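Worksheet: one structure, shown below.
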Amino acid sequence: MAFLQLQALCKRYGAVDAVVATDLSVEKGELMSLLGPSGCGKTTTLQMIAGFVDVTCGRILLDGRDITHAKPASRGLGVVFQSYALFPHMSVRDNVAFGLKMRKVPADEIQRRVARVLQLVRLDQHAERYPRELSGGQRQRVALARALVIEPPVLLLDEPLSNLDANLREEMQFEIRRIQREVGITTLMVTHDQAEALSISDRVVVMQAGRITQIDEPYTLYEHPRTRFISGFVGKANLLRGDRDHTGAAQVRQQPGDGELTLSLRPEKIDLITAGAGRLQGRIITRYFLGSQWLYRIDTAIGELTVVRRNNGQAPMNEGTVVGLDWPAELLRILAVDEVSA
Ligand SMILES: Nc1ncnc2c1ncn2[C@@H]1O[C@H](COP(=O)(O)OP(=O)(O)O)[C@@H](O)[C@H]1O
Ligand SMILES: [Mg+2]
């Protein structure tokens, strides 16, 4: 049985269905992300698990125990919210020790556990500092240490990196993953950032309008987005009209107009080759330099396509160039119609 289970969980605020009949199983030791646009019910789901928001219907099971109506403190879960308020008048060490003192843990054990967790988040050199003497990333680590020191069965993270700037964010993503693996702690992380979800999760849960619309490992989610919305929300996608050939495989309609299928083709799956060759002809309208890649916008008979090519150190193609476009037929993904609007 899964370690943390949500069974037909829902939350209504008056007329608003914030979370609708949600089933979810998080395995022990797994890092799972809840990914979705603002307002889709991620925080509400996490808060119900933490016990800060009452459940309207459904059940929450932790290691087989029904905790749906248990007091937050008795659940003993580790929580890090978007705005992790540290105690400003306490040192890093005292901030981290606070939860253990409240739990009346003996002083020598507190000292041991705080030292261990500060080492884990690489703040052992800064134990005597105050929050104002720390960088944003270091404060974030204190918040994480504070949650981890109580050795909770589950760690709940709500957009833990959203206050950090881009470079630090990426570094901290990998830090969270490293720490999560080292401790082996079951973790549910809320994010609206698809790159964050894809890069460090074992599995990603996509939410839209209070509902789960896909659960998959990051690679599978990216390569096989189920719906039109997901294909655009998780990575970039070219949406094309198409139909099936005589073997049943998807193919792009070469004439503009309606095929009966919506297809998704990732920008990096398209090759740019000599004009006259390939499946489609196009003209480069604009190009953007992304550092490790070039992004081209290309005008074709079936609409404007986005193509991403690796920066291999060679000069990029010029705007105005006529090119052939080609792609492996099996990388066209057939999308389902969105059943909910985000
Ligand atoms: N305390 C509340 N009272 C009324 N509506 C709320 C409350 N909290 C959240 N909601 C609504 O529930 C929906 C989901 O919100 P939330 O879980 O915060 O989304 P997310 O975290 O995905 O951005 C939104 O429509 C939001 O306006
Ligand atoms: Mg939220």
Where GluC sites (Glu not before Pro) fall in DSSP loop in region 253-330, at most 12 other Cβ within 10 Å
260, 319
Working out 0.36 nm times the residue gap between residue 104 and residue 1, then minus their Cα-Cα distance, what length gain in nm do you get to one decimal?
33.8 nm
Positive end of the charge dipole of the chain (Lys, Arg +1 and Asp, Glu -1 on Cβ, about the Cα centre): tell me which of 121, 163, 21 has its Cα farthest that way.
121
Report the one residue of 252, 270, 288 whose Cα lies farthest in the direction of the positive end of the charge dipole of region 236-335 (charges on C-beta: Lys and Arg +1, Asp and Glu -1; origin at the Cα centre).
288
If the chain between residue 255 and residue 12 were fully stretched, how many nm would it gain, using 0.36 nm times the residue separation less the Cα-Cα distance?
82.8 nm
To the nearest 20 debye, what charge dipole does region 16-144 have about its Cα centre, counting +1 at the Cβ of each Lys and Arg and -1 at the Cβ of each Asp and Glu?
460
Taking the Cα centre of the chain as origin, work out the dipole magnitude from +1 charges on Lys and Arg Cβ and -1 charges on Asp and Glu Cβ, in debye rounded to 20.
780
At 0.36 nm per residue, and after removing the present C-alpha to C-alpha distance, how many nm does the segment from residue 273 to residue 162 gain when stretched out fully?
35.9 nm
Size of the dipole of region 82-155 about the Cα centre, Lys and Arg at +1 and Asp and Glu at -1 on the beta carbon, nothing else charged, in debye to 20?
100
Please list the equivalent ellipsoid semi-axes of the chain, computed as the square roots of five times the alpha-carbon gyration tensor eigenvalues, in descending order and whole angstrom.
45, 26, 15
Enter the per residue convex hull volume of region 1-111, computed from alpha-carbon coordinates, in Å³ rounded to the nearest integer.
145
When 57, 10 are ordered from fewest to most other Cβ atoms inside 10 Å of their Cβ, what list results?
57, 10
With the crude spin-label approximation of a point 7 Å out along Cα→Cβ, what separation in nm comes out for residue 281 versus residue 195?
3.7
Given 320, 204, 188, which one lies farthest toward the positive end of the charge dipole of the chain, if we put +1 on the Cβ of every Lys and Arg and -1 on the Cβ of every Asp and Glu?
188
Between residue 321 and residue 301, Cβ-based FRET efficiency (R0 22 Å, step 0.05) works out to 0.85
Which order do 306, 213, 247 fall in if you start with the one that has the fewest other Cβ atoms within 10 Å?
247, 306, 213
What spacing in nm lies between the two simple spin-label points modelled at residue 219 and residue 292, each 7 Å away from Cα in the Cβ direction?
1.6
Integer Hz, Karplus 6.51/-1.76/1.60 couplings in order for region 303-317, x for Gly and Pro
x, 7, 10, 9, 10, 10, 10, 4, 7, 9, x, 7, 5, x, 7
Fewest to most Cβ atoms within 10 Å: 90, 1 sort as 1, 90
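Read the figures in this text as sums done on the coordinates, not as results from a lab. Note that the coordinates shown come from a computational prediction; the quantities given were computed from them, not determined experimentally. When we count neighbours, we look across all protein chains shown, and the Cβ atoms used for this are built from the backbone with ideal geometry, even at glycine.
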